[in-house]
Amino acid sequence: MAKQHTYSVTTKWTGNTGQGTSAYKTYERSHVISAANKPDIPGSSDPSFRGDKTRYNPEELLVASLSTCHMLWYLHLCAEAGVIVVDYVDQPTGIMVETPDGGGHFSEVTLSPEVVVADQSMIDKANELHYQAHALCFIANSCNFPIHHDPTCHAIDVIA
């Protein structure tokens, strides 16, 4: 029997300005995502949809989920393969397309991890492991749009 995991969070709308949703422009899109014993995540909608640009929007969180899931699998696989990663930074981008009915969907996400490994001899294996990380990523396996990878990797001479 396959292992099953359950994840629970609380999403609380905090944008009632006193009139509720009496009109499209009378309420804020502000909300807070929380989970037991963890810091809150301040959320809103994208500024294009009357959201607060200082808060995370669902689209950013989806892209971040893909990026972090890939990174965590990748680091795990590198550790198992003897590839010593000393730095990892990703600047992923996602493209969402609005539909005529006001909805929309993601058409693609591109992950662009910049990886630094301890030794030049590790670069080929480090690059190869991105494919396996993608195949194992829980979030990527749950998406119905392409997730591209544009990794770069280089080595340092000495582990700092």
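All of the numbers you see were taken from the coordinates with simple rules; none came from a lab. Here the structure is a predicted model, which is why all the values come from computation and not from measurement. Every residue, glycine among them, receives a Cβ derived from its backbone with ideal geometry; neighbour counts consider all protein chains shown.
So which of Lys12/Lys53; Lys3/Lys125; Lys3/Lys38 end up more than 28 Å apart, counting from Cα to Cα? Present the calculation step by step, with values, prior to reporting the outcome.
On the way: Lys12/Lys53 18 Å; Lys3/Lys125 30 Å; Lys3/Lys38 24 Å.
From Lys12/Lys53; Lys3/Lys125; Lys3/Lys38, over 28 Å: Lys3/Lys125.
Taking K and R as +1 and D and E as -1, what net charge do the other residues with C-beta under 13 Å from the C-beta of Leu66 add up to?
On the way: positive: none; negative: Glu59, Glu60, Asp90, Glu108.
Net charge around Leu66: -4.
Quick one: angle between helix 123-136 and the longest Cα principal axis of the chain, in degrees between 0 and 90, rounded to 10, please.
40 degrees
How large is the dipole of region 58-155 about the Cα centre if only Lys and Arg carry +1 and Asp and Glu carry -1, each at its Cβ, rounded to the nearest 20 debye? If you can, show how the numbers build up before the last one.
Values: 1 positive and 13 negative charges, 48 e Å.
About 220 debye.
Measure out, as a whole number of angstrom, how far apart the alpha-carbon centroids of region 1-74 and region 83-160 sit.
23 Å
Classify region 10-49 as rounded, prolate or oblate from the Cα gyration tensor: take a ≥ b ≥ c as the square roots of its eigenvalues, call it rounded if a/c is under 1.5, otherwise prolate when a/b beats b/c and oblate if not.
On the way: a/c = 3.95, a/b = 1.89, b/c = 2.09.
Taking the square roots of the gyration eigenvalues as a ≥ b ≥ c, region 10-49 is oblate.
I'd like the orientation of helix 58-81 relative to the chain: the angle between its Cα long axis and the longest Cα principal axis, in ° from 0 to 90, rounded to 10.
Long axis of 58-81 versus the principal axis of the chain: about 20 degrees.
What 222 nm value per residue comes from the helices of the chain, counting each DSSP H run with n ≥ 4 as -39,500 (n - 2.57) and dividing by all residues, nearest 500 deg cm²/dmol? Walk me through the numbers on the way to the answer.
Values: 2 runs with 38 residues, N = 160.
Only helices count here, giving -8000 deg cm²/dmol.
Between Pro146, Pro113, Pro100, where does the largest GNM mean-square fluctuation fall for the chain, given springs only between Cα atoms within less than 10 Å?
Of Pro146, Pro113, Pro100, the most mobile in the Gaussian network model is Pro100.
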